[in-house]
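The values are calculated or read from the model by the stated rules, or taken from the named source; none is laboratory data. Just so we're clear, the structure is a prediction, and the values are computed from it rather than from any experiment. Cβ sites come from the backbone with ideal geometry, for glycine too, and all protein chains shown count toward neighbours.
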Amino acid sequence: MSPPTLIENAHVITVDARRRELRGGSVLIDGASIVAINPDPGEIPVEVNRVDGTDAVLTPGLVNTHHHLYQWITRGLAADHNRFQWLTTLYPIWAGIDADAVSAAALGGLSALALSGATTTTDHHYVFPHDGGDLLGAEIGAAAELGLRFDATRGSMDRSRKDGGLPPDSVVQTIDEILAASAVAVSRWHDRRPGAMVRIGLAPCSPFSVSTDLLRESALLARELGVRMHTHLAESTDEDDYCAEQFGCTPLQYMESVGWIGDDVWFAHGIEFDDDEIARLAAAGTGIAHCPTSNARLGNGICRTRDLLDAGVPVGLGVDGAASNESARLLDEAHQAVLMARARGGPTALTTRTAIELATIGGARVLGRDAEIGSIEVGKFADLVLWDLGTISHRGIDDPVAALVLGAQPPIRGSWVHGNRIVADGELLTVDVGEVAADVADQHRRLLERAG
């Protein structure tokens, strides 16, 4: 068993209830947990791994609340399309994915996340070609290999082009197939223990790619199995128009009618909510995964982040799929969240410290994990990132939080998940990134060849 680890002399941003920041602070890790903050000398074991935090900031590990990892091998396509054009262009390509492609894409995307400070990530996988193999298992295996905490969701689509939806017939399933596969996924992988490395949620894709019956039945199944629920919602005015035409209501009103609101639900994007809908989300405890870079990349608009927070809605950050956010760097989302909020609401709409909260405890709250991770507190699991601010890009920036959020992304001196170090001095310790990159390139080429 490895000896405890002492990270010392760092600027510690705890994100605890008091929002303490400790200059020259130290954090002691033993096993999977944080066991002391600024420990007395007598509390420090004789045998301990010491990590120097001089000129560095220690934060909780960042939490990514929305992603589509399979898209890592289709980056850069349809770069100048709107959302619906983008989807109709990419669905025929995504129809060719299989377990090998998803494994390579997941390792590539997860590596990028880890190198941008993520220690926990979700994934919303909803494309299941009929002959694709065990796609959910492929990405869960990739997360285990890399060492990230992983909240996977078993996504689904049952409306193809012949039903008025966007995806081709080859990637949709029947309701019975979806519900059976969802139950199997929960039984096979969902870990209910505190600090679980893998959890499963149910995640029909969106109001325009699934049927009303699938939404209703998925909600009933999720609550029967005791797992969380996730989908895209209120992402664009196109979606508003679709729901008004098809259902005679707004996207949120439609989802409420089929049981999709509550503290076990989180929605990706949430751009188009009005004041009354924000109040209803807050009252229900329903969370939002704010994806500012993707929202801007697709021209969908700017989320009302400040209004959501003021109302008490749980808000976290997400990189979204790599086909609409080619870098997928989670720290960048904190940066963009500040810029987008201020572009909409003025220079005080979102502070740099609030952005760090969204990236850490906010994301943990969205996933129902805020009692386990998201802040630096004794008894929580040791998901931590030590950011090096001793570089030419950061020295001389007065406020270390401003340096982290508004400056260039700092190198990561160390990153720990469940007490295990996965990054040291900017290098991943668990996978060979050169091999991962080569496999990504091969699978990208193979997928485009299959698409013709």
Pairs please, first residue from the range 245-257 and over 14 Å from Ala284 (Cβ atoms), second anywhere and at pLDDT 95 or above and surrounded by fewer than 14 Cβ atoms within 10 Å (Cβ to Cβ), Cβ atoms under 6 Å, 6+ apart in sequence or on different chains.
none
If we keep just the residues of the range 157-198 that are touching a residue at least 60 places away in the same chain (Cβ under 8 Å) and either on the phi > 0 side of the Ramachandran plot or not hydroxyl-bearing (Ser, Thr, Tyr) (or both), which is surrounded by the most Cβ atoms within 10 Å (Cβ to Cβ)?
Pro167
Flag if Ser116 is in a loop (DSSP other than H, G, I, E, B), modelled with pLDDT of 95 or more, on the phi < 0 side of the Ramachandran plot and not β-branched (Val, Ile, Thr)
yes
Considering the range 46-73 alone, what residues qualify as being among the hydroxyl-bearing types (Ser, Thr, Tyr) and surrounded by fewer than 24 Cβ atoms within 10 Å (Cβ to Cβ)?
Thr54
Single match in Leu330, Leu281 (criterion: under 24 Å from Leu110 (Cα atoms) and modelled with pLDDT of 95 or more)
Leu330
Output the residues belonging to the range 413-452 that are over 15 Å from Leu384 (Cβ atoms), of a type in the set (A, V, I, L, M) and outside any helix (DSSP H, G or I).
Leu428, Val431
Could you pull out the residue among Leu358, Leu389 that is over 20 Å from Glu8 (Cβ atoms) and hydrophobic (A, V, I, L, M, F, W, C)?
Leu358
Within the range 384-404, restricting to residues that are touching a Ser or Thr at 6+ places or on another chain (Cβ under 6 Å) and surrounded by fewer than 22 Cβ atoms within 10 Å (Cβ to Cβ), the one that is nearest to Val338 (Cα to Cα) is Ala402
Residues that are more than 18 Å from Ile361 (Cα to Cα), at least 2 per element: which strands (runs of 3 or more DSSP E) completely within the range 1-80 meet that?
5-13, 21-30, 33-37, 49-52
Identity of the residue in the range 370-382, out of contact with any His (no Cβ under 7 Å at 6 or more places or on another chain) and within 14 Å of Thr59 (Cβ to Cβ), that ends up surrounded by the most Cβ atoms within 10 Å (Cβ to Cβ)
Gly374
Would the range 290-305 turn up any residue that is buried (at least 24 other Cβ atoms within 10 Å of the Cβ), touching a helix residue (DSSP H, G or I) at 6+ places or on another chain (Cβ under 8 Å) and closer than 18 Å to Ala203 by Cα?
yes
Identify the single condition in (1) under 30 Å from Phe128 (Cα atoms); (2) surrounded by 17 or more Cβ atoms within 10 Å (Cβ to Cβ); (3) of a type in the set (A, V, I, L, M) that Ala79 does not satisfy, given that it satisfies every other one.
(2)
Can you tell which of Ala105, Ala56, Ala112 is within 30 Å of Asp370 (Cβ to Cβ), touching a residue at least 40 places away in the same chain (Cβ under 8 Å) and outside the structural domain of Ala143 (by TED's automatic domain parsing)?
Ala56
